[in-house]
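Novice: After the structure tokens below, expect a handful of questions from me.
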Amino acid sequence: MRKEPLNSSTSNSDIGVKYPLPWYMAFAAVVFVLAPLEVACHLHLVPLSSDYKTCWSFPARGANVAAGKGIRIAVIGNSAARMGVNPDVLKTFLAKSCGSEVCLDRFTIDGSRVTVWNYILAAAFWRNGVNPDAAVIIFQPGALEDGGDLIPPIAQGLTGPRDWPEVFQDHLPSASERIEFAADSVSALYASRAKWRDKALHVAVPGYGPFATTVNRVNFDTLRAHANSTLPRAGSYHSLKSLLANARRNQTRLIFVLYPEFETDQGTRSLNRDAIRCIQQAGFEFVDLSTSTGLVESQYVDKFHMSPEAAAIFTVKLGEAITPLVKHHYRQQANATISSELPDPEKLSDKAKKGEWSL
Amino acid sequence: MLGFWLFYGAIYAVYWRLSHHRQNTLLLIASYVFYAWWDYRFLFLILVSTVIDFIGGLGVAGVEVPRTQLRKINASIVAAAVLLCTNINYPLLFGSLAKWSAAGLSQALPHRWTDLIVPIVTAVIIGAYGIVLPKLYAAPAERRRRQFLVISMVANLAILGFFKYFDFFAGSADRLLHAIGLGQLGITPLGIILPAGISFYTFQAMSYTIDIYRGDVEPTRSFRDFALFVCFFPHLVAGPIMRAHTLLPQVTGPRARKPGAAEEGLLLVFIGMFKKIVIADNMAPVASAIFQQVATGHAAHLTASDVLVGVYAFAFQIYGDFSGYSSIARGISKWIGFELVVNFRMPYLAVSPSDFWRRWHISLSSWLRDYLYIPLGGNRNGIAAMYRNLMITMLLGGLWHGASWTFVAWGLYHGLILCIFRSAGISEDVRPTGTFGRLKWLFRVTCMFHLTCFGWLLFRADSFATVASMLSILVHRIALSHFAVAALAYIGFHTAILFAIEWAMDGERRLDRFLLAPRAMQITGYLYMTFMMIVFHAERAFEFIYFQF
């Protein structure tokens with residue numbers, strides 16, 4: 001074979017150089033500096049995080065709702081629910097329409113989806129053995145499907161190692177997702193990376209806020225358009241089924257409300273139909289407010305989030321829609337348990353079983 | 001990526017405990033497992049390519065493959081066709097075996113005659129080749145050498161052409177015939193999935209046979225060693241494209257842990273991961289935001305500066321992505337005793353198109369030079385022939401990147417600027433020394449960077465309509481937007497320090513400049529890269545762009 005030097009490779013190791021910083025010392029030095037940073041993050045930064053504070057407030061607020069007088073409602077969702085549901089308006093409306101006192105709180109985490117909502121309910125109610133009269137879940141098209149990242153709050157704020165088997169089995173099918181989640185759970189520095197990143201970029205990049213908003217919006221629209229142009233996937237609702245099973249086990253009444261959002265097209269709707277079939281076959285309620293609120297684009301601050309005025313309108317519509325459901329339940333609850341009230345999936349009507357529900 | 005590191009860690013844990021023979025066996029198995037990770041069916045293609053060039057290489061050198069070895073190879077390839085290409089449902093098969101379910105077994109095993117097409121065709125081809133082979137061996141030396149070379153080239157290019165270009169050329173021919181009123185061919189696109197890294201390993205396998213034909217390399221008689229040469233996993237799916245005379249001796253010869261290799265490997269892996277995680281993945285959304293807005297017709301508010309930063313972002317995305325992969329490949333190869341060639345050397349500091357191609361994807365540009373441009377005549381047959389050869393080489397170089405007319409246009413564009421620079425006699429000897437020299441160098445680098453960016457515009461755009469729209473915005477809406485200012489600062493924030501480190505190391509050619517620096521400086525460098533990778537890794541990780549080539 002031709003003996004020729006590696007002409008385009010210039011490896012110093014070919015000449016046997018011994019470097020002053022061996023690889024293990026470089027590695028150790030990185031660990032040595034990052035370890036205190038991790039500890040500082042854990043002890044100092046994490047307690048300051050508003051996201052984690054929100055997560056950690058859930059048990060006390062859940063207990064507060066459960067101990068409240070009258071009809072006890074928990075509103076669960078993401079930023080769309082945070083900006084779209086006015087708790088005061090909803091409380092007043094329900095009190096009037098149901099003729100009873102209402103104790104209501106909103107449990108939201110921005111960017112969350114079905115998996116996170118499962119653990120919000122667990123943190124706020126199930127782990128403490130309490131329940132609201134109804135948990136109203138405000139969801140967008142696609143938010144009940146499997147997939148999407150488990151955001152750091154769920155790893156650091158809502159779950160512990162005891163939840164890992166369920167998280168891995170029901171929500172994180174791939175090894176890389178599991179490792180990512182474990183890293184998020186174990187390392188406060190890693191879990192808080194988005195905060196570090198945002199703060200640094202706000203300092204270093206002039207006009208970073210509007211820039212990031214534009215980039216995220218366009219890319220989100222692109223991903224969404226791509227998802228809508230491909231065939232809907234079938235049977236990808238393991239996380240939703242897990243939530244429904246947990247709710248039944250804990251005897252929690254769930255009301256799923258489809259949020260009004262622009263540009264909801266047929267592809268997403270057909271996906272929702274599968275999700276709604278799951279919900280109704282499990283004996284829970286579904287309310288479609290995606291088209292009946294009469295809101296127009298100008299009443300939104302962007303494609304998803306409502307202005308305060310729109311939120312007031314939507315909240316009233318929400319109140320109107322759930323009043324018969326919670327009123328009926330509240331009247332019966334004194335003597336009946338939820339398990340006896342929730343219809344047995346085996347005894348559901350054929351219509352519900354076939355998922356023939358209007359959207 | 002985490003999955004890959006676990007895989008690599010498992011290999012490394014046992015690798016240095018094994019004999020050379022077993023090291024090669026381990027690496028070969030690991031390489032096939034690694035490739036099967038994407039789509040196990042395409043392992044068959046690698047095997048076919050390997051067999052063709054193994055027999056072809058020996059044939060060119062006048063060495064007959066022993067009958068027993070040939071029988072083993074034939075049996076292996078037919079077995080591979082049966083196991084990989086007959087639509088066996090393996091999860092169902094294993095499940096049925098565990099439950100002893102006969103119904104499940106019948107469902108899992110091939111049950112339509114079309115499932116058996118690949119093994120049948122393979123057996124027929126092997127049979128035919130078995131008949132032809134003794135005649136080829138019996139031919140006069142020069143004819144035999146040429147025949148084996150031609151068979152190898154035709155077979156490799158046929159595989160590449162079918163899997164990568166069939167739908168493209170069939171579709172294009174159909175549209176052309178329709179456009180000129182001659183009806184249509186009526187060829188239905190086959191929707192072929194592109195096998196990962198096919199362009200890389202096919203070129204590498206072809207270069208082996210050509211090098212033997214030229215007498216530059218002697219063939220190996222070990223099928224296992226040759227198979228490892230073709231599919232060595234660190235660089236299998238995105239290069240660098242290694243030549244036989246560089247990689248094969250490292251496969252066949254014993255390897256040892258060299259002093260300094262671990263440190264060099266660590267630095268290269270850090271740099272490569274940084275380029276991918278911090279630079280490429282963060283630039284991708286910015287580039288995508290601009291290109292998508294134009295492609296979807298939502299570009300009314302965009303200015304020339306927005307388009308420009310979109311293209312800059314893509315320029316750094318593709319550099320971070322591709323050179324990052326090459327750096328990681330070099331780093332992990334060093335840890336197991338292999339040296340891969342440097343594939344990038346600060347390409348955006350090029351002062352001319354020729355300089356750019358000496359710095360960008362060096363292993364491909366040198367492959368094209370040695371196996372295409374020079375055999376076409378290079379610059380030996382006059383000016384006109386040289387320009388023709390340059391254009392052909394760059395056109396095919398563009399097509400190598402993908403089956404799309406925008407890639408062809410990208411290749412032609414680079415051919416064109418190469419010709420223009422040569423015909424204008426623009427000097428490449430520009431050095432940043434002295435005030436005037438620095439200014440001149442800076443001017444030339446800036447000009448060449450923008451010429452390169454124009455090429456990236458063709459490369460990234462999904463259609464010529466998008467290219468035309470972006471050019472129209474560049475010309476007609478000259479204004480500086482807040483978005484562009486923020487994007488420039490964003491790009492600078494993610495790239496500046498790494499580029500300073502690369503500058504200090506002359507790309508990756510002088511790793512010693514970092515590794516011999518004071519310890520505190522090195523530790524600061526590692527800490528910076530680690531911190532950036534933890535904190536500034538993008539919300540969404542993107543697959544390496546060059547995997548699709």
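Novice: Over the whole of B:212-220, what's the average partner chain Cβ count within 10 Å per residue? Rounded to a whole number, please.
Specialist: Per residue, the number of nearby Cβ atoms from other chains is 1 on average.
Novice: May I ask you to evaluate 6.51 cos²θ - 1.76 cosθ + 1.60, the Karplus curve with θ = phi - 60°, for each residue of the stretch B:337-348 and list the ³J(HN,Hα) values in order in whole Hz, giving x for glycine and proline?
Specialist: x, 10, 10, 9, 6, 5, 9, 9, 9, 6, x, 7
Novice: Relative to the present Cα-Cα distance, how much length would full extension add between residue B:188 and residue B:121 at 0.36 nm per residue of separation?
Specialist: 21.9 nm
Novice: Now for a different question. Could you tell me which of the pairs B:276/B:440; A:195/A:303; B:164/B:275 are separated by over 30 angstrom between their Cα atoms in the structure shown?
Specialist: Beyond 30 Å: B:276/B:440.
Novice: If you don't mind, another one. Please turn the phi angles of the stretch A:89-105 into ³J(HN,Hα) values with the Karplus equation 6.51 cos²θ - 1.76 cosθ + 1.60 (θ = phi - 60°), one per residue in order, whole Hz, x for glycine and proline.
Specialist: 4, 5, 4, 4, 4, 5, 4, 6, 6, 9, x, 8, 5, 10, 10, 9, 9
Novice: Which aspartates and glutamates, on any chain, are close to residue A:241 with Cα under 12 Å apart, when same-chain ones fewer than 8 places away are left out?
Specialist: Output for residue A:241: A:145, A:146, A:170, A:274.
Novice: Here is a follow-up. Treat the count of other C-beta atoms within 10 Å as a stand-in for reagent exposure and order A:217, B:422, B:112 from fewest to most.
Specialist: Sorted ascending by nearby Cβ count, the order is B:112, A:217, B:422.
Novice: A follow-up question, please. For a quick check of your reading of the filter: which GluC sites (Glu not before Pro) in the stretch B:440-549 sit in a DSSP loop and have no more than 13 other Cβ atoms within 10 Å?
Specialist: B:543
Novice: Enumerate the amide H contacts of residue A:102 below 5 Å, restricted to partners 5 or more residues apart or on another chain; note that Pro and chain-start residues carry no placed amide H.
Specialist: Correct list: A:71.
Novice: Taking the beta-carbon count within 10 Å as an exposure proxy, list B:447, B:453, A:55 from fewest neighbours to most.
Specialist: B:447, B:453, A:55
Novice: Using amide H atoms built in the peptide plane, which far-off residues or other-chain residues are under 5 Å from residue A:306 H to H?
Specialist: Answer set, sorted by chain and number: A:84, A:301.
Novice: Another question about this same structure. With θ taken as phi - 60° and the coefficients 6.51, -1.76 and 1.60, list the Karplus ³J(HN,Hα) couplings across the stretch B:356-366 in order, rounded to whole Hz; mark glycine and proline as x.
Specialist: 4, 6, 8, 10, 9, 6, 4, 5, 6, 5, 6
Novice: Let me ask something else. With labels modelled as points extended 7 Å from the Cα through the Cβ direction, what inter-label distance (nm, one decimal) is found for residue B:132 paired with residue B:100?
Specialist: 5.0 nm
Novice: To continue, here is another question. Would you mind checking the radius of gyration and Dmax of the stretch B:91-194 based on alpha-carbon positions, in Å?
Specialist: Gyration radius and largest Cα-Cα distance of the stretch B:91-194: 21.5, 61 Å.
Novice: Sorted from fewest to most neighbouring beta carbons within 10 Å, what does the list A:297, A:177 look like?
Specialist: A:297, A:177
Novice: Test of the criteria: in the stretch A:17-90, which trypsin sites (Lys or Arg not before Pro) are in a DSSP loop and have at most 15 other Cβ atoms within 10 angstrom of their Cβ?
Specialist: Answer in residue order: A:18, A:69.
Novice: Under 15 Å from the Cα of residue A:327, which aspartates and glutamates turn up, not counting those fewer than eight places away in the same chain?
Specialist: A:101, A:133, A:285, A:341
Novice: Treating only the Cβ of Lys, Arg, Asp and Glu as charged (+1, +1, -1, -1), what charge dipole size does the protein assembly as shown show about its Cα centre? Round to the nearest 20 debye.
Specialist: 1780 debye
Novice: Once amide H atoms are placed 1.01 Å from N in the peptide plane, what residues at a sequence separation of 5 or more from residue A:286, or on another chain, have their amide H within under 5 Å of its amide H?
Specialist: A:256
Novice: Suppose only helical runs count, i.e. DSSP H with n ≥ 4. What mean residue ellipticity at 222 nm does that imply for chain B under -39500 (n - 2.57) per run, divided by all residues and rounded to the nearest 500 deg cm²/dmol?
Specialist: -22500 deg cm²/dmol
Novice: What does the charge dipole of the stretch B:425-549 about its Cα centre add up to, to the nearest 20 debye, if the Cβ of each Lys and Arg holds +1 and the Cβ of each Asp and Glu holds -1?
Specialist: About 360 debye.
Novice: For the stretch A:110-174, what does the equivalent ellipsoid look like in terms of its semi-axes, each the square root of 5 times an eigenvalue of the Cα gyration tensor, given largest first in whole Å?
Specialist: Gyration-tensor ellipsoid for the stretch A:110-174: 18, 17, 10 Å.
Novice: With unit charges on the beta carbon (Lys/Arg positive, Asp/Glu negative), name the residue among B:310, B:459, B:384 whose Cα is farthest towards the positive pole of the charge dipole of chain B.
Specialist: Going by the Cα projections, it comes out as B:384.
Just so you know, all these numbers are worked out from the coordinates, no wet-lab data involved. Because the structure is a prediction, the values reported are computed rather than measured. For neighbour counting, all protein chains shown are included, and Cβ atoms are generated from backbone atoms with ideal geometry for every residue, glycine included.
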